[in-house]
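To keep things clear, I will list the structure first and then write my remarks on it.
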Amino acid sequence: MALNLPPAVRTFVDATNAGDSDAFVAAFTPDAVLDDWGRTFAGHDGIARWNVTDNIGKRSHFEVVSAEETGTPGVWTVVLTVTGDGYNGTGPLTFTLDGDRIARLVISPT
């Protein structure tokens, strides 16, 4: 499905699928927060650790199911199907954008 994703979200998906950890981390602001079902990772160092343990390090692959901006400007809900050697399934991610980067990402159960 071809969707019109914000550039930061498109980079998040494309970098994961390409296994490009540098591009993945660069999609986030330096002070970004990633909340994965209550586990919080802060800044580029924290997000890089999460990437190794839960994302590219687990050979994750993302397929975008849907994407829409919520009622708040710069906040997007994106439903992804994830496959790989870690989590496998479909669920929502909430991205809060700051310009062309991700300031906050919340991964929550469906």
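Points to keep in mind about this one:
- Hits in segment 22-54 (condition: acidic (Asp, Glu) and surrounded by fewer than 15 Cβ atoms within 10 Å (Cβ to Cβ)): Asp22, Asp31, Asp45
- Pairs where the first residue, in segment 29-47, is within 15 Å of Phe12 (Cα to Cα) and free of Cβ contacts under 8 Å to residues at least 60 places away in the same chain and the second is among the charged types (D, E, K, R) and surrounded by 12 or more Cβ atoms within 10 Å (Cβ to Cβ), C-beta under 7 Å, 6+ apart: none
- Qualifying residue in segment 36-45 (condition: modelled with pLDDT of 95 or more and touching a Gly at 6+ places or on another chain (Cβ under 9 Å)): yes
- Flag if Asp35 is under 20 Å from Pro109 (Cα atoms) and assigned to a loop (DSSP other than H, G, I, E, B): no
- Selection count, segment 25-62, where residues are among the acidic types (Asp, Glu) and within 12 Å of the chain's Cα centre (by Cα): 3
- Of the listed requirements (1) under 20 Å from Gly99 (Cα atoms); (2) not in a helix (DSSP H, G or I), Arg10 misses just one: (2).
- Pick from segment 83-110, criterion β-branched (Val, Ile, Thr) and more than 11 Å from the chain's Cα centre (by Cα), ranking: modelled with the lowest pLDDT: Thr110
- Of the residues Leu105, Leu93, the single one that is at negative phi, of a type outside the set (S, T, N, Q), without any contact (Cβ under 8 Å) to a residue 60 or more places away in the chain and crowded, with 17+ Cβ neighbours inside 10 Å is Leu93.
- One residue stands out in segment 25-71 among those that are among the polar types (S, T, N, Q) and touching a strand residue (DSSP E or B) at 6+ places or on another chain (Cβ under 8 Å): the one that is nearest to Asp100 (Cα to Cα), namely Thr29.
- Hits in segment 55-78 - residues which are under 21 Å from Ala18 (Cβ atoms) and surrounded by fewer than 19 Cβ atoms within 10 Å (Cβ to Cβ): Gly57, Lys58, Arg59, His61, Glu63, Val64, Val65
The values are calculated or read from the model by the stated rules, or taken from the named source; none is laboratory data. Model, not experiment: these values are computed from the prediction. Glycine also receives a Cβ, built like all others from the backbone with ideal geometry; neighbour counts cover every protein chain displayed.
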